[in-house]
1. Restricting to segment 118-130, name every residue that is surrounded by 15 or more Cβ atoms within 10 Å (Cβ to Cβ) and more than 14 Å from the chain's Cα centre (by Cα).
2. Is it the case, given these coordinates, that R35 is in the same structural domain as S70 (by TED's automatic domain parsing) and within 12 Å of M75 (Cα to Cα)?
3. Go through segment 130-152 and report how many residues are in contact with a helix residue (DSSP H, G or I) (Cβ under 8 Å, 6 or more places away or on another chain) and under 14 Å from V96 (Cβ atoms).
4. If the Cβ limit is 7 Å and pairs must be 6+ apart or interchain, which residue in segment 3-23 that is in contact (Cβ under 8 Å) with a residue 12 or more places away in the chain and in the same structural domain as R35 (by TED's automatic domain parsing) pairs with which residue that is small (G, A, S) and in a strand (DSSP E or B)?
5. So in segment 1-25, with the set limited to residues that are of a type in the set (S, T, N, Q) and part of a loop (DSSP other than H, G, I, E, B), which one is surrounded by the fewest Cβ atoms within 10 Å (Cβ to Cβ)?
6. Kindly provide the set of residues from segment 144-163 that are surrounded by 15 or more Cβ atoms within 10 Å (Cβ to Cβ) and under 19 Å from the mean Cα position of the chain (by Cα), ordered by number.
7. Scan (1) more than 19 Å from P154 (Cβ to Cβ); (2) within 19 Å of the chain's Cα centre (by Cα) for the single condition E88 breaks and write down its number.
8. Does K85 satisfy the condition of being touching a Gly at 6+ places or on another chain (Cβ under 6 Å) and in contact (Cβ under 8 Å) with a residue 60 or more places away in the chain?
Amino acid sequence: MSRIGRLPIAVPKGVTVDIKESAVVMKGPKGELKRSFNPGMAITMNEGVLKVARSDESREQRALHGLTRSLLANMVEGVSKGYEKSLEVVGVGYRVEKQGDKLMLRVGFSNLVEVSPMTGVKLDIEGNNKIKIIGIDKELVGEAAARIRALRPPDPYKGKGIRYAGEQVRLKPGKAGKAAGGKA
């Protein structure tokens with residue numbers, strides 16, 4: 001039995017769950033999410049608790065058991081609390097500006113980089129070097145953050161670029177570290 005898959009999911013007040021065969025629709029104070037799951041997974045709701053059971057012990061069903069439970073738990077948390085990821089823009093002259101719902105990034109290129117939000121995701125800024133990505137779908141929030149970070153990932157020599165808040169960037173020593181062990 002999957003340790004993750006057999007855990008029950010408590011559904012908070014204000015969240016409604018509608019299960020139709022293998023499709024689940026959740027509505028909560030933050031919004032609505034829909035997802036279809038493998039028909040081999042039996043999703044049941046009784047007394048404010050969601051449970052997932054598998055139909056057989058095949059390798060595929062065992063693999064999907066924990067995944068299905070995790071996706072359902074993410075949906076519950078998304079419609080009740082929402083998700084948020086933060087990015088930091090680090091570097092001399094690197095900054096972020098907001099124009100309408102779009103972000104304009106100055107990250108060392110000759111022109112501004114324009115970033116439009118994905119549907120279901122809201123982009124916000126704090127100061128001129130912090131970006132917040134807010135939404136109810138954990139996958140979309142993570143995908144939006146990864147796409148913005150990929151525009152200018154942190155440089156391994158100077159540390160400049162876009163990084164997740166709290167991310168530790170290991171800096172390489174560069175040419176000076178190599179020259180110190182050279183001629184004597």
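1. D124, I125, N129
2. yes
3. Going through segment 130-152 one residue at a time, the tally reaches 2.
4. Note: pairs meeting the criteria are S22/S36; A23/S36.
5. Here is the first cut: in segment 1-25, the residues of a type in the set (S, T, N, Q) are 2, 16, 22.
Now narrow it down to the ones that are part of a loop (DSSP other than H, G, I, E, B): 2, 22.
Numbers: S2: 17, S22: 15.
Among those that are of a type in the set (S, T, N, Q) and part of a loop (DSSP other than H, G, I, E, B), it is S22.
6. Step one: filter segment 144-163 for residues surrounded by 15 or more Cβ atoms within 10 Å (Cβ to Cβ), giving 144-145, 148-149, 152, 154-155, 160-163.
Within segment 144-163, A144, A145, I148, R149, R152, P154, I162, R163 meet the criteria.
7. (1)
8. Spelling it out, it is not the case that K85 is touching a Gly at 6+ places or on another chain (Cβ under 6 Å) and in contact (Cβ under 8 Å) with a residue 60 or more places away in the chain.
The values are calculated or read from the model by the stated rules, or taken from the named source; none is laboratory data. These figures come from a predicted structure and were not determined experimentally. Because the Cβ atoms are built from the backbone with ideal geometry, glycine has one as well, and the counts that use them run over all protein chains shown.
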